[in-house]
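Each remark here refers to the structure printed beneath this line.
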Amino acid sequence: MTSVDTTIRRITNGQAPGEVCTVDLREAPWEFDTGVPSYGPGSSMFDVVPPGSPLQGEISVEYRTATPDELDRRIRAARETLGDRVLMLGHFYQRDEVVQYADYVGDSFQLAVKAKASPEAEAIVFCGVHFMAETADLLTRPEQAVILPNLAAGCSMADMADIDSVEAAWAQLSEVYGDMDAVDETGRVPVIPVTYMNSAADLKGFCGRHGGIVCTSSNATTVLEWAFARGRRVLFFPDQHLGRNTAKAMGVPLERMPLWNPRKPFGGVDREVLDDARVILWNGFCSVHKRFTVGQIESARAQYPDVHVIVHPECPMPVVDAADSYGSTDFIVKAIEAAPAGSTFAIGTEINLVQRLAQQYPQHTIFCLDSVVCPCSTMYRIHPGYIAWALEALVGSAQRPSEVLNRITVPAHVAEPARLALERMLAAKPGPVSV
Ligand code: SF4
């Protein structure tokens, strides 16, 4: 099994030239949190951070220089003092040094549901990325504070669609399709906007305002069925791969799924293609899942003829097509749980989850498809130093009153329609597929 440490060793030894991960992974994330904004080392390091992204201020030197043992002692002491007043949530893709403190570990949707189901917690320390903390804030009581320990923990995929670009695309689509609220003889409007959970709250709000809906990687088919029942087309953002893989499995032909480039007029798509479109895919992707290739699957099969290859639907379509099965992180976890002892799995998703599954299920052989692992750069930004900093501020001291740091708050004018789009998702039920 390849670990992040192994990867760093391979890079240091010159065995992995040209990889996007660098030995900088060894550095603490605060080395990257000042100066020029960047996602830092890892899969997203060459993605462009949009202007206006939240920046993390410098934390005091005591947290930056503390040893792992000292941080561990301080985090546990603060948690002991705070008790049930604080709930800590950890995403599947977090590294183990962080996940060990979480009360609950899951995917972004499971964590949001857990936050909603914990009204007694005064503060929720969200060890995930920015859009997840926003979603937790949307679903929790106004008095509850959702804290993101490092504000630089964004998501490069979520950042590939911003509200201005989506508004501009909508205006151009309305030039092509006419009145976007006009219902045809089948009772459908021209376009329904669908946003992946991995998007900023204002995009969820956009969907709420325009009759649209949110989806996750678990329910994307059900959500597209919902949208096809209400619209002749879908505008799907920000992840082209989830949209394409899901719609293709539902029978939508590839030629009816044009790719919308927000930097070009009318997305760079011909008028006739837009006329015939069924799903307009935003040109966004996850840099972690983009790394998986068909060649990796072929290598895994050559080495382990009985291997079962499971990949995440954020992977490119040829990879999903070549895999034995694909699904959300929850799907992957359940497939491994249900397998007979002695099974072999090659997994196409973030390394931290794969490593944890390999440890939890020693009766199986489980490895990551990508032999040179690059973790999610943005998840990597949550470090125990930031957790200790946020928790000790909540505890306070004789010299310093208790303080909520890095609170994530979605403004009311965004929150209301964003909740509507989330509620539509929660109410959507599987139905007959109609493409
Ligand atoms: S794994 Fe990809 S989609 Fe998930 S948080 Fe990281 S960059 Fe975003």
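Read the figures in this text as sums done on the coordinates, not as results from a lab. Note that the coordinates shown come from a computational prediction; the quantities given were computed from them, not determined experimentally. Here the Cβ positions follow ideal geometry from the backbone for every residue, glycine too, while neighbour counts run over all protein chains shown.
Summing +1 for each Lys or Arg and -1 for each Asp or Glu among the other residues whose beta-carbon sits under 14 angstrom from that of Gly83 gives -2. Taking every alpha-carbon pair under 8 Å whose residues sit at least 6 apart, the chain reaches a relative contact order of 22 percent. Counting neighbouring beta carbons within 10 Å and listing from fewest to most, the residues Phe367, Phe126 come out as Phe367, Phe126. The charge dipole of region 289-368, taken about its Cα centre with unit charges on the Cβ of Lys, Arg, Asp and Glu (plus for the first two, minus for the last two), comes to roughly 160 debye. Run through region 141-238 and list the GluC sites (Glu not before Pro) located in a DSSP loop whose Cβ has at most 15 other Cβ atoms within 10 Å. Within region 141-238, the qualifying GluC sites (Glu not before Pro) (loop, at most 15 other Cβ atoms within 10 Å) are Glu143, Glu185. Between Glu143 and Glu185, the contour length at 0.36 nm per residue exceeds the Cα-Cα span by 10.5 nm.
In this structure the amide hydrogen of Val146, modeled in the peptide plane, comes within under 5 Å of the amide hydrogens of Ile124, Ile408, none closer than 5 places in sequence on its chain. The helix-only estimate of mean residue ellipticity at 222 nm for the chain, built from DSSP H runs of length n ≥ 4 each weighted as -39500 (n - 2.57), is -11000 deg cm²/dmol after division by the residue total.
Taking Val49, Val105, Val333 in turn, the Gaussian network model of the chain (Cα-Cα springs below 10 Å) assigns the largest fluctuation to Val333.
Charge dipole (Cα centre; +1 on Lys/Arg Cβ, -1 on Asp/Glu Cβ; no other charges) of region 67-133 amounts to roughly 140 debye.
For the listed residue pairs Lys204/Lys429; Lys290/Lys334; Lys116/Lys248; Lys116/Lys204; Lys114/Lys429, the alpha carbons are over 28 angstrom apart in Lys116/Lys248. Note on Val410, Val395: ascending count of other Cβ atoms within 10 Å places them as Val395, Val410, the fewest first.
The fewest-to-most ranking of Thr222, Thr349, Thr246, Thr67 by surrounding Cβ atoms within 10 Å reads Thr67, Thr222, Thr246, Thr349.
The stretch between Ile163 and Val61, if pulled fully straight at 0.36 nm per residue, gains 33.1 nm over its current Cα-Cα span.
Between amide H atoms placed 1.01 Å from N, distances below 5 Å from His364 occur with Gly342, all of them 5 or more places distant or on a separate chain. Starting from the Cα of Arg271, move 7 Å in the Cα-to-Cβ direction to define the label point; list residues of region 136-174 whose amide nitrogen is under 15 Å from there. Only 172-174 pass the distance filter. Which of the three applies to the chain, rounded, prolate or oblate, going by the alpha-carbon gyration tensor with a ≥ b ≥ c and a/c under 1.5 meaning rounded? Judged from the Cα gyration tensor, the chain comes out oblate (a/c at least 1.5, b/c at or above a/b). Charge dipole of the chain (Cα centre as origin; +1 on each Lys and Arg Cβ, -1 on each Asp and Glu Cβ, all else neutral): 440 debye, rounded to the nearest 20.
At an R0 of 45 angstrom, the distance between the Cβ atoms of Arg85 and Val176 translates into a FRET efficiency of 0.30. Kindly state, to the nearest 0.05, the FRET efficiency for Glu97 paired with Asp306, given R0 = 41 Å and r defined as their beta-carbon distance. Here the calculated transfer efficiency is 0.75.
Taking Cβ atoms as reference points and 15 Å as the exclusive limit, the residues near Ala277 contribute a net charge of +2, counting Lys and Arg as +1 and Asp and Glu as -1.
Between the residues Ala335, Pro362, Val311, the greatest Cα displacement towards the positive end of the dipole of region 289-368, with unit charges on the Cβ of Lys, Arg, Asp and Glu, is found for Pro362.
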